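Below you'll find the structure, written out as structure tokens, and then a few comments.
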Amino acid sequence: MLNEDASVNVVHLVAEYWPFARTGGLAEAVRGMAWHQANHGTATCVFMPLYKTARERAGKLVPACEELTVPLGVGPQQCGILTPAKPPTGPKLYFVEHFAAFDRDGIYGEDGADYPDNHLRFAVFTRAVLEALPKLVPEGHVVLHPHDWHTALAPIYLRTAYAGQPFYDAVACVLSVHNAGYQGIYEAEVLEEVGLGAEQYHWSRMEYYGKVNWLKGGLSYADWVTTVSPTHAHELRTPEGGFGLHDFFIAMGDRLVGILNGIDQETWDPSHDDGIAARYSRYELKGKWVCKANLQELAGLPVNPDAPLVGMTARLARQKGFDLILGDGMLHRLDGAQFIFLGEGDTSYRNALAEVARSLPERVAAFFEFTERREHLLLAGADILLMPSQYEPCGLTQMRAQRYGALPVVRRVGGLADTVEDQVTGFVFDEYTTHALEVALRRAFDVYRNRPAWERHMHEAMGRDFGWERPARYYLNLYDDALEAHHGK
């Protein structure tokens with residue numbers, strides 16, 4: 001039975017965490033989740049690797065405990081656990097220091113290629129956290145909350161290498177799947193390198209078509225599994241959306257739950273945003289048109305208040321729907337609209353967008369150096385946000401865009417389906433084709449020509465609540481369920 005008087009300690013393990021390291025939505029999602037948990041009275045801490053970029057941004061760091069010796073199959077590794085000398089507001093923050101693993105220019109790789117030793121890098125990180133837990137979280141109930149494949153070894157180590165030790169046996173584990181398209185798939189010999197036994201090479205654990213799959217193994221050992229939207233929880237259970245693990249997700253039954261991510265509604269608020277050309281709100285939209293003119297000027301496009309301005313800020317990747325955008329000459333046909341693209345990533349998409357911008361200089365602009373300031377300017381100035389994703393577990397940009405009155409045009413997948421209401425707060429299409437996307441854009445342009453109707457849609461979208469308060473409560477209830485389920489075994 002649980003001691004109901006004992007406090008609950010939530011321990012997040014994550015490969016990236018804003019503002020110290022970020023490649024996509026994972027860093028911001030976990031930051032928002034952990035920050036709200038901590039600021040609502042739950043004992044919360046976050047562990048992340050001490051990358052070079054994190055060391056540069058973290059300020060002065062001090063040891064949180066003595067240096068650790070971390071056992072791995074390739075030999076023991078010495079790791080430090082550091083924490084900010086001046087603790088920030090929100091959760092406690094711990095960095096795992098291992099110079100050989102993390103003091104590099106990239107997070108996952110460089111020049112478009114993953115580091116070949118990523119399996120060892122994240123094994124060191126995950127096991128160092130487990131070694132540090134009794135020293136840093138000595139009392140109360142502990143819920144270990146790893147995120148994505150990088151930390152999916154945590155429940156595996158917890159139930160194997162640390163099995164039989166009272167402290168660890170009492171720890172419950174909730175694994176969050178932010179993007180199942182990345183699973184950590186390696187040759188079987190890495191099991192020995194990361195200190196796991198051959199028994200893990202089994203269809204019910206880590207074996208995956210002749211290789212080993214870290215995410216699959218984590219799913220098999222976790223007490224509970226979450227993903228980042230209710231619709232995506234359903235998609236993971238289908239052959240089309242399960243990324244090869246749909247049978248595994250189906251078998252989890254009620255242990256798989258979809259909880260929609262939130263956004264920081266103070267940071268993403270045009271009425272208090274100092275980084276845009278003019279502030280505005282759902283009650284006073286004048287500043288929106290100032291921001292639109294400013295964005296058109298910055299992008300080198302004609303300042304035309306009557307042309308619908310479509311913005312897209314996304315990683316340049318197939319997942320984000322660039323094949324649809326660039327297909328079949330669509331951008332050339334939509335001659336009444338302007339388009340601005342912002343993002344970094346795949347060179348082929350970058351070159352294709354740059355070529356379209358050169359051929360349509362009056363209507364298309366593209367920027368390939370992402371900054372948060374540019375994203376704020378884009379959402380503040382755009383009339384429409386483009387997000388035609390092949391798949392999108394949650395997505396954050398469509399929620400931010402609605403706060404800024406940029407109505408999203410999205411495909412009905414994952415969190416996009418859960419956060420955009422067709423013909424009310426945006427425009428939704430189903431088929432993954434250029435034709436379906438073009439039809440949705442033309443529907444949006446038709447409404448845009450009726451300014452009173454467009455502003456009614458803006459007003460509705462800007463009033464939607466996408467904060468972390470509701471999902472944070474869901475997670476706290478889930479932690480209680482996970483503790484009860486684990487201790488009831």
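The values are calculated or read from the model by the stated rules, or taken from the named source; none is laboratory data. Remember, it's a predicted structure, so these values are computed and weren't measured experimentally. Cβ: placed from backbone, ideal geometry, glycine included. Neighbour counts: every protein chain shown.
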Next item on the list: Give, as residue ranges, the helices (runs of 4 or more DSSP H) completely inside region 362-422 that count at least 2 residues that are touching an Asp or Glu at 6+ places or on another chain (Cβ under 9 Å) and buried (at least 24 other Cβ atoms within 10 Å of the Cβ).
Entry: 397-403, 414-419
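The rows are residues; the columns are (1) of a type in the set (A, V, I, L, M, F, W, C); (2) without any contact (Cβ under 8 Å) to a residue 40 or more places away in the chain; (3) closer than 30 Å to His147 by Cα.
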| position | (1), (2), (3) |
| --- | --- |
| Tyr404 | no, no, yes |
| Val409 | yes, no, yes |
| Glu438 | no, no, no |
| Leu441 | yes, no, no |
Notebook entry, point to check: Can you tell me how many residues in region 308-331 are buried (at least 20 other Cβ atoms within 10 Å of the Cβ) and either hydroxyl-bearing (Ser, Thr, Tyr) or in a loop (DSSP other than H, G, I, E, B) (or both)?
Noted result: 4
Next item on the list: Might you let me know whether region 105-117 holds any residue that is in contact with a strand residue (DSSP E or B) (Cβ under 6 Å, 6 or more places away or on another chain), closer than 14 Å to Pro49 by Cβ and not in a loop (DSSP other than H, G, I, E, B)?
Entry: no
Notebook entry, point to check: Within the bounds of region 279-289, is there any residue that is modelled with pLDDT under 95, charged (D, E, K, R) and closer than 28 Å to Arg31 by Cβ?
Noted result: no
Notebook entry, point to check: Is there a residue being of a type in the set (Val, Ile, Thr), in contact with a Ser or Thr (Cβ under 6 Å, 6 or more places away or on another chain) and not in a helix (DSSP H, G or I) anywhere in region 267-288?
Noted result: no
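Looking at Glu131, Glu110, which is the one that is within 25 Å of Arg159 (Cβ to Cβ) and in the same structural domain as Val171 (by TED's automatic domain parsing)?
Details: Glu110 fails: within 25 Å of Arg159 (Cβ to Cβ).
When all the criteria are applied, what remains is Glu131.
Give the number of residues within region 22-71 that are basic (Lys, Arg) and over 20 Å from Thr126 (Cα atoms).
Looking only at region 22-71, we keep the residues that are basic (Lys, Arg), and these are 22, 31, 52, 55, 57, 60.
If we keep only those that are over 20 Å from Thr126 (Cα atoms) too, we end up with 57, 60.
Counting residues in region 22-71 that are basic (Lys, Arg) and over 20 Å from Thr126 (Cα atoms) gives 2.
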Checklist line | Odd one out for Leu133 among (1) out of contact with any strand residue (DSSP E or B) (no Cβ under 8 Å at 6 or more places or on another chain); (2) assigned to a helix (DSSP H, G or I) | finding: (1)
Next item on the list: Could you check, for region 344-361, whether at least one of its residues is over 18 Å from Arg411 (Cα atoms), in contact (Cβ under 8 Å) with a residue 12 or more places away in the chain, of a type in the set (S, T, N, Q) and buried (at least 22 other Cβ atoms within 10 Å of the Cβ)?
Entry: no
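Please give the helices (runs of 4 or more DSSP H) falling wholly within region 424-489 in which 2 or more residues are at pLDDT below 95 and aliphatic (A, V, I, L, M).
Filter on region 424-489 gives 469-487.
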Next item on the list: Considering (1) closer than 21 Å to Ala401 by Cβ; (2) in a helix (DSSP H, G or I); (3) among the polar types (S, T, N, Q), say which one Ser348 fails and leave the rest.
Entry: (1)
